[in-house]
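The block underneath contains the structure these notes are about, expressed in C-alpha coordinates.
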Amino acid sequence: MPGGLGPMSILIIALVALLIFGPKKLPELGKAAGNTLREFKNATKGLADEDDDVKKKNENQQNGQ
(Lines give C-alpha, C1' and ligand atoms only; values in the text may rest on other atoms or scores of the structure.)
Protein backbone atom coordinates (compact mmCIF):
# COMPACT_ATOMS: atom_id res chain seq x y z
CA MET A 1 0.00 0.00 0.00
CA PRO A 2 1.54 3.36 -1.01
CA GLY A 3 2.06 6.06 1.60
CA GLY A 4 0.10 9.28 1.85
CA LEU A 5 -3.49 10.19 2.46
CA GLY A 6 -6.09 9.60 -0.18
CA PRO A 7 -9.33 11.55 -0.54
CA MET A 8 -11.31 8.90 1.35
CA SER A 9 -8.90 9.01 4.31
CA ILE A 10 -9.12 12.79 4.49
CA LEU A 11 -12.92 12.61 4.41
CA ILE A 12 -12.96 10.08 7.26
CA ILE A 13 -10.59 12.22 9.34
CA ALA A 14 -12.76 15.30 8.72
CA LEU A 15 -15.92 13.44 9.76
CA VAL A 16 -14.30 12.11 12.93
CA ALA A 17 -13.05 15.62 13.81
CA LEU A 18 -16.56 16.98 13.23
CA LEU A 19 -18.04 14.35 15.51
CA ILE A 20 -15.45 14.89 18.25
CA PHE A 21 -15.24 18.69 18.30
CA GLY A 22 -18.55 19.78 16.81
CA PRO A 23 -19.20 22.33 14.09
CA LYS A 24 -18.77 25.38 16.35
CA LYS A 25 -15.28 24.42 17.51
CA LEU A 26 -13.77 23.38 14.15
CA PRO A 27 -13.14 26.90 12.73
CA GLU A 28 -11.42 27.86 15.99
CA LEU A 29 -9.21 24.76 15.82
CA GLY A 30 -8.40 25.42 12.17
CA LYS A 31 -7.36 28.98 12.96
CA ALA A 32 -5.14 27.79 15.82
CA ALA A 33 -3.54 25.17 13.57
CA GLY A 34 -2.90 27.79 10.89
CA ASN A 35 -1.27 30.14 13.40
CA THR A 36 0.90 27.32 14.70
CA LEU A 37 2.04 26.37 11.20
CA ARG A 38 2.79 30.04 10.39
CA GLU A 39 4.91 30.42 13.53
CA PHE A 40 6.74 27.17 12.78
CA LYS A 41 7.44 28.31 9.21
CA ASN A 42 8.77 31.66 10.43
CA ALA A 43 10.98 29.97 13.03
CA THR A 44 12.47 27.52 10.54
CA LYS A 45 13.01 30.34 8.03
CA GLY A 46 14.81 32.32 10.75
CA LEU A 47 17.06 29.36 11.52
CA ALA A 48 17.85 28.87 7.84
CA ASP A 49 18.69 32.58 7.48
CA GLU A 50 20.99 32.41 10.51
CA ASP A 51 22.72 29.35 9.04
CA ASP A 52 23.23 31.17 5.73
CA ASP A 53 24.67 34.18 7.58
CA VAL A 54 27.15 31.97 9.44
CA LYS A 55 28.24 30.28 6.19
CA LYS A 56 28.76 33.65 4.48
CA LYS A 57 30.73 34.96 7.45
CA ASN A 58 32.97 31.89 7.41
CA GLU A 59 33.52 32.19 3.65
CA ASN A 60 34.39 35.88 3.99
CA GLN A 61 36.89 35.12 6.75
CA GLN A 62 38.53 32.37 4.68
CA ASN A 63 38.74 34.60 1.59
CA GLY A 64 40.16 37.49 3.61
CA GLN A 65 43.08 35.49 5.01
- Matching residues in region 24-35 - criterion: being in a helix (DSSP H, G or I) and open to solvent by 90 Å² or more (accessible area, probe 1.4 Å): 28, 31
- Item | Unmet criterion (only one of (1) in a helix (DSSP H, G or I); (2) open to solvent by 80 Å² or more (accessible area, probe 1.4 Å)) for residue 5 | (1)
- Query: Which ones in region 36-56 are open to solvent by 90 Å² or more (accessible area, probe 1.4 Å) and hydrophobic (A, V, I, L, M, F, W, C)?
  - Reply: 37, 40, 47
- Message: Looking for something surrounded by fewer than 10 Cβ atoms within 10 Å (Cβ to Cβ), modelled with pLDDT of 85 or more and not in a helix (DSSP H, G or I) - is there at least one such residue anywhere in region 8-23?
- Response: yes
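The values are calculated or read from the model by the stated rules, or taken from the named source; none is laboratory data. It should be emphasised that the depicted structure is a prediction, and the values quoted were computed from it without experimental measurement. Cβ sites come from the backbone with ideal geometry, for glycine too, and all protein chains shown count toward neighbours. Areas reflect the complete protein model, heavy atoms only, side chains present, ligands, DNA and RNA absent. Shrake-Rupley method; radii C 1.70, N 1.55, O 1.52, S 1.80 Å.
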